[in-house]
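In what follows, a single structure is set out as structure tokens and then discussed.
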Amino acid sequence: MIPENLLEEYNARIVNLPKDTIIFNQGKPAYYYFQVIHGEVKMAHYNEDGQEFIQGIFNNGMSFGEPALFGEFTYPCSAVTIKDTSIAKMRSDDFFKLLENNFEIHKNFNRVLSKRLRYKGIILNEISSYPAAHRIQTVLKYLRNKYGCEKEPFEVPFTRQQIADMTGLRVETVIKTIKQLSQKDELNIQDHKVVLK
């Protein structure tokens, strides 16, 4: 998202975090811009029973949590590392100076945030209206598009538990539905990985 030389120029610190580190909790105020240098971060909401709903998974070069900075509201989700991860962490005032001085980067943020809003709208519609198979296929097709693999087989880089957390389904339902979709030849299972044709 933001080139590393600009991150450095605007006082970002690189922080190395082990797997399962909480970066911020839902309900806390937003003071920093975050960008994954390498690794993986999930943003998830937890209900009163502790059930997780993954809002997004972010990897190399992707930013996360910035809507709370732009909107000046508390984080609606928590951010947690999925594996050992390095992130850039920049104070909000430095982040906004960077955007003021770099219109193309600011414009790119508008594009990224618009795509995230579109995804949220799709997922809300899917969860409220469609059966499990349709929900899963919609999320997997969205992920294939996001990773730029529209014209080739796409090996889904997420576990069945993570797919369940993204769709609001139980992991047992996801496992059973993926088997059924495989039997109908709507996707493949290769070495326990889900592959979209």
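Worth a mention:
- Neighbour-limited loop hits for chymotrypsin sites (Phe, Trp or Tyr not before Pro), the range 103-197 (at most 15 other Cβ within 10 Å; DSSP other than H, G, I, E, B): 147
- Taking 7 Å steps out from each Cα toward its Cβ at residue 116 and residue 155 produces label points 2.9 nm apart.
- With θ taken as phi - 60° and the Karplus curve 6.51 cos²θ - 1.76 cosθ + 1.60 applied, the whole-hertz 3J(HN,Hα) list for the range 11-23 is 6, 6, 9, 8, 10, 9, 10, x, 3, 6, 8, 7, 8 Hz, x standing for glycine and proline.
- Extents of the range 131-196, taken as max minus min of Cα coordinates on every principal axis and listed largest first, are 29, 22, 21 Å.
- A simple spin-label model places pseudo-atoms 7 Å from Cα toward Cβ; at residue 45 and residue 100 they are separated by 3.4 nm.
- Measuring nothing but alpha carbons in the range 43-197 and taking Rh as the Kirkwood radius, the Rg to Rh ratio lands at 1.00.
- Loop-located chymotrypsin sites (Phe, Trp or Tyr not before Pro) in the range 33-81 whose Cβ has at most 13 other Cβ within 10 Å (DSSP): 73
- Two-site FRET efficiency, residue 11 against residue 190, from Cβ-Cβ distance with R₀ of 35 Å, rounded to 0.05: 0.20
- Loop GluC sites (Glu not before Pro), the range 120-197, which have at most 15 other Cβ atoms in a 10 Å radius of their Cβ (DSSP): 150, 186
- If the convex hull is drawn through the Cα atoms of the range 4-122, its volume per residue in Å³: 101
- Between amide H atoms placed 1.01 Å from N, distances below 5 Å from residue 56 occur with 43, all of them 5 or more places distant or on a separate chain.
- Its alpha carbons give the range 67-151 an Rg and a Dmax of 16.3, 47 Å.
Each reported figure results from applying straightforward, stated rules to the coordinates on display, with no laboratory input. Bear in mind the structure is a predicted one, so any value in this text is a computation, not a measurement. Backbone-built Cβ (ideal geometry, glycine too); neighbour counts: all protein chains shown.
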